[in-house]
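Encoded as structure tokens, the structure appears first; notes follow it.
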Amino acid sequence: MKYPLQFRAKWFWFSLLAVLCWGAWAILSKLGSGDLSARAMQFYYALGSVPVAIALLWGRRFQLEKDFRGIFYATANGLLSSVGNIAVLAAYQSGGNTAVITTATALYPMVTVILAILFLRERLTPAQIVGVGFAATAMVIFSL
């Protein structure tokens, strides 16, 4: 039997794994935020990342990358992700609706699109522009 092209692509399976992990992350974050502060949740979140970091280093025989620019971007990514995560955890802890908070914050790619247009000089097709418009509209409607 021949499977559709996306089922044969590695990106599809990695994307599916990410969706499953992030879905579970959102539920666990909401549950944990009822017992811990956003700062404590972030600390334990980082602690939970340690085994993954060790496994990644072990897989590379403990050889670190040496590209300064790449290291800068990765470190900045970690800092921004941590601050964003603390904000999401604080939103969960404030008693907000988990579905609304998760959906609203999942629209972060809209910021990426704007930054890609401004800094990377990327272009959107008319269909993509309509998609961004629908996403913005969905955020407003969903938060009502």
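Here are a few things to note about the model shown:
- Listed residues Gly48, Ala138, Thr105: farthest to the positive end of the dipole of region 1-143 (Cβ charges): Gly48
- Along region 17-30 the Karplus relation, 6.51 cos²θ - 1.76 cosθ + 1.60 evaluated at θ = phi - 60°, assigns HN-Hα couplings of 4, 4, 4, 5, 5, 5, x, 5, 4, 4, 5, 5, 5, 5 Hz to successive residues, with x for each Gly and Pro.
- Using the Karplus relation 6.51 cos²θ - 1.76 cosθ + 1.60 with θ = phi - 60°, the per-residue 3J(HN,Hα) values for region 68-76 come to 4, 4, x, 5, 4, 4, 5, 5, 4 Hz, with x marking Gly and Pro.
- Loop-located trypsin sites (Lys or Arg not before Pro) in region 36-99 (DSSP state not H, G, I, E or B) with no more than 11 neighbouring Cβ atoms inside 10 Å: Arg60, Arg61, Lys66.
- Fraction of the pair-distance distribution of region 18-130 above 16 Å, Cα-Cα pairs, percent: 71 percent
- For region 77-144: rounded, prolate or oblate by the Cα gyration tensor [a/c cutoff 1.5]: oblate
- Where only DSSP H runs of four or more residues are counted, the chain gives -26000 deg cm²/dmol as its mean residue ellipticity at 222 nm, each run worth -39500 (n - 2.57).
- Cβ-based net charge around Ala87, under 15 Å, with every Lys or Arg adding one and every Asp or Glu removing one: +2
We did not get these values from a lab; they are worked out from the coordinates using the rules stated. Worth saying up front: this structure is predicted, and the values here are computed from it rather than measured. In this analysis, Cβ positions are derived from the backbone assuming ideal geometry, glycine residues included, and neighbour counts consider all displayed protein chains.
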